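The values are calculated or read from the model by the stated rules, or taken from the named source; none is laboratory data. Owing to the predicted nature of the structure, the values given are computational and were not obtained by experimental measurement. Cβ: placed from backbone, ideal geometry, glycine included. Neighbour counts: every protein chain shown. For the accessible areas, the whole protein counts, side chains as well, though only heavy atoms, and no ligand, DNA or RNA atoms are used. Shrake-Rupley method; radii C 1.70, N 1.55, O 1.52, S 1.80 Å.
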Amino acid sequence: MDEELKKAAEAAKSGKSEPFQALVKILRAGPPAPIKEMLASPDAVLRRAAILAAKGRPDASLLAAVAALASDADVAVRRMLAENIGEEPGEKV
C-alpha cells in the first residue's frame, strides 16, 4: 500500500465523511489489490470504503470478497453492502 493510500485510510478511520470519500476516490482510481486488502481489514470503516470502491468492477475475485461481507459482524458493513448491490441497472458490485 502506497503512502497516499495509507494516509487516506488513517484519515478515513476518523469517521468523518470527507476523508472517507477521499479514500473511496483513491481506491477507485487504482488497481483492485488495495481494495481486496481493505475488504479483509479488521476495521469496519475500511471495509465499507472498499465496498464502495469495488462497485462496478468486474474482477471475479473482488466480487467474491465483497460477497463474503454479507455475513460481516458489523451491521454498518452489511448495510453498506445491501444499499449498494444492484443500485444501477446492469451494474455489478
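Tabulated data for the structure shown
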item	result
Accessible area of the chain divided out per residue, in Å², using a probe of 1.4 angstrom	57
Accessible area, probe 1.4 Å, largest first, for residues Ile35, Ile85	Ile85, Ile35
Under the Debye formula (equal points on every Cα, no solvent term), log10 I(q)/I(0) of the chain at q = 0.11, 0.19, 0.21 Å⁻¹	-0.26, -0.81, -1.00
Debye, to nearest 20: dipole size of the chain, +1 on Lys, Arg Cβ, -1 on Asp, Glu Cβ	60
Longest segment of the chain lacking GluC sites (Glu not before Pro) that sit in a DSSP loop with at most 14 other Cβ atoms within 10 Å	1-86
Accessible-area composition of the chain, carbon plus sulfur, in percent [1.4 Å probe]	55
Residue-averaged [θ]222 nm for the chain, counting only DSSP H segments that reach four residues, each worth -39500 (n - 2.57)	-19000 deg cm²/dmol
